[in-house]
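What follows is calculated from the coordinates using simple rules that are stated; it is not laboratory data. Treat the numbers as computed from the prediction; the structure is a model and nothing was measured. Reconstructed Cβ throughout: ideal geometry from the backbone, glycine too, with neighbour counts over all protein chains shown.
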Amino acid sequence: MFGSKSRTILVGLEAGTSKIKVAVAELDAQGSLILLGVAESPSTHIRKCEITDFEMAQKAIHQAILDAEAKMDVSIGEVYLAISGAHIRSFHSRLALDLGEEGAMIEEGHLRELRNLVRQQALPPGQILLHDLLQTYILDDGTATANPVGLFSRRLTADYHLISGIATRLQTTVHCVKELSLQVKGYALSSYATAQAVLTPEQKSFGAVVINCGAGITDYIVYRSGFVAHSGTLGVGGDHLTNDLAFAVKIPFPRAEDLKKTYGAVDSRKEAAYRRVELAAEGTYEPRFIPMSLIVEVLQARQAEIFEIIREQLEEQPFWSEFSGTIFLTGGGSRLEGIQKLAEKIFDRPVEPARLIPFDGEVSCEGRQDWMTVLGLLRYARILEMQEHGRGRWDRVGRSLRRFFSGFRFVC
Ligand SMILES: Nc1ncnc2c1ncn2[C@@H]1O[C@H](COP(=O)(O)OP(=O)(O)O)[C@@H](O)[C@H]1O
Ligand SMILES: [Mg+2]
C-alpha cells in the first residue's frame, strides 16, 4: 500500500523545554509502524515550549535531527511537530443544521457543512485553530451518534472540542524548523499526540485522562466514549519544582535538578528512608546535608498545586462528577517518587503510570515517560499518511490556518 518504491519514513519532532526529541519509524507496505529509534539533544532557549532565541533553538533542533539521521541511518526531509505552550486554549462548540420541518436523510454533505461552520467560527484576535475534534452528533430526538449518515432528523447538532493557539508563536516554531530545509507535514497538540502513544481504544472509550508532566508545561487530555471530552495546558511543570528546591536549599538550578532527580519525592515514606541526603562538595560549594523532609515538603507543595489546578478545571466540566476512568501520568516529571499516590489523593480517581502501546519492530522504549509525546506523534502521522494514501490528496487544511502556513494537514 505504502512506499512501494521507496521506504516511507515518519518522523516526530518535539521541541520540549528540557530536550529536543526526534522519533523515527518506518511505515511498511502493510501499514505497520516499525519504530527505528529515538534521538534527543538538550533543549536551549525554549521556555515553556516556546522559542526565546531563534538561532540557538534552531541549532539545538538541527543537532537532534542530525543525531537521529546518524543513529537511525535515515535522511530526514519531513517532520510532524508537537505543539504546546501556555498560549494554547481549548473550548467546546455546539453547532446545528436545520434540515426542514419534514426532516431529511442526513448525508455526508451535512457533516462537511457542519465542519466548515466550526472552522469559520470567530476566534479571539491572533488565535488560529489547531484541532477541531468531533465529539458527537445529536439528532432532534436527543439520540447521540458518531455516524448519523442515513438517519432522518429535522435538526442535526454537532459537538466539537476545539483547540487554538496564538498564530505568531506557532509561526516562529514552524519557521525555525522549515529553515532547516525540513517540511512540516503536520502537527498535533502535545497532549493529543501523547494520548495516541499510551491509550488503547478501550481506554478512550471507557474514559481516561492523560497528564503529561513536562519541564515547563503540564498538559492533559480527557477521553470519554472514544472522543476528546476536554483538554488543558498549564504553563507550569518540573522546572518550577526545581526552582522551588533551588530557592529552599539555596543552590543553583542545575544542582537542584540533580538533587530532584536523585532524591526527589512527594511521598513522606522516602523521608523515613533518607532522613538527610548529602550534597557533595562541588566547586566552591562545601559538602552539606539536606533534610529529606525539606525536599519532600517543597516538591509536594508545587506538584500538589499543579494537580489541584487541573482538578479545578476538570470539576468545571459537567461529566467530571460521573467520570470513573483512570488517570495516566506521563512526561519526565511523572518519574517523581510518590507522584501516583499524590495524584490519587487529589483527584480521587485511580492513577497509574502511562504505558506505551508497543510498536512493531525490535526497538523498545520501555520506561521512557519523556518520549511518549514524540512516539505518539508517529501514530498520529500514521493516521494522516493512511488517510492521504487511502483518499488521495489530503484536503482538510483549516481555512484560518491555510492563510498562515502552507503544506500543513489536520487530523480530527
Ligand atoms: N527522575 C526524575 N524525577 C523527577 N523529575 C524528573 C525525573 N526525570 C526527569 N524529570 C523532570 O522531567 C521534566 C522533563 O520532562 P520532559 O517530558 O522531557 O519535558 P519536556 O517535554 O517539557 O522537555 C524536567 O522537569 C525534569 O526535571
Ligand atoms: Mg514533552
Checklist entry - Relative to the present Cα-Cα distance, how much length would full extension add between ALA281 and GLU101 at 0.36 nm per residue of separation? => result 56.7 nm
Checklist entry - Under a straight-distance cross-link criterion of Cα-Cα below 27 Å, which lysines are reachable from LYS59, leaving out those fewer than 8 residues away in the same chain? => result LYS19, LYS21, LYS48, LYS71, LYS178, LYS185, LYS261
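Mind checking the dipole of the chain: about its Cα centre, +1 per Lys or Arg Cβ, -1 per Asp or Glu Cβ, Debye to the nearest 20?
540 debye
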Next on the checklist: For a quick check of your reading of the filter: which trypsin sites (Lys or Arg not before Pro) in the range 124-169 sit in a DSSP loop and have no more than 15 other Cβ atoms within 10 Å?
Outcome noted: ARG154
Checklist entry - With the chain treated as a Gaussian network of Cα nodes joined by springs under 10 Å, which of HIS45, HIS389, HIS175 yields the largest mean-square fluctuation? => result HIS389
Checklist entry - Arranged from highest to lowest average of other beta-carbon atoms within 10 Å per residue, in what order do the peptides 94-101, 26-33, 203-210, 215-222 appear? => result 215-222, 203-210, 26-33, 94-101
Item to check | Magnitude of the charge dipole, the range 91-164, Cβ model with Lys/Arg +1 and Asp/Glu -1, debye to 20 | outcome: 320 debye
Next on the checklist: Out of the trypsin sites (Lys or Arg not before Pro) in the range 212-297, which ones are loop residues according to DSSP with at most 15 other C-beta atoms within 10 Å?
Outcome noted: LYS250, ARG275
Next on the checklist: Cβ neighbours within 10 Å, averaged per peptide: list 290-297, 183-190, 334-341, 317-324 in order, most packed at the top.
Outcome noted: 183-190, 334-341, 290-297, 317-324
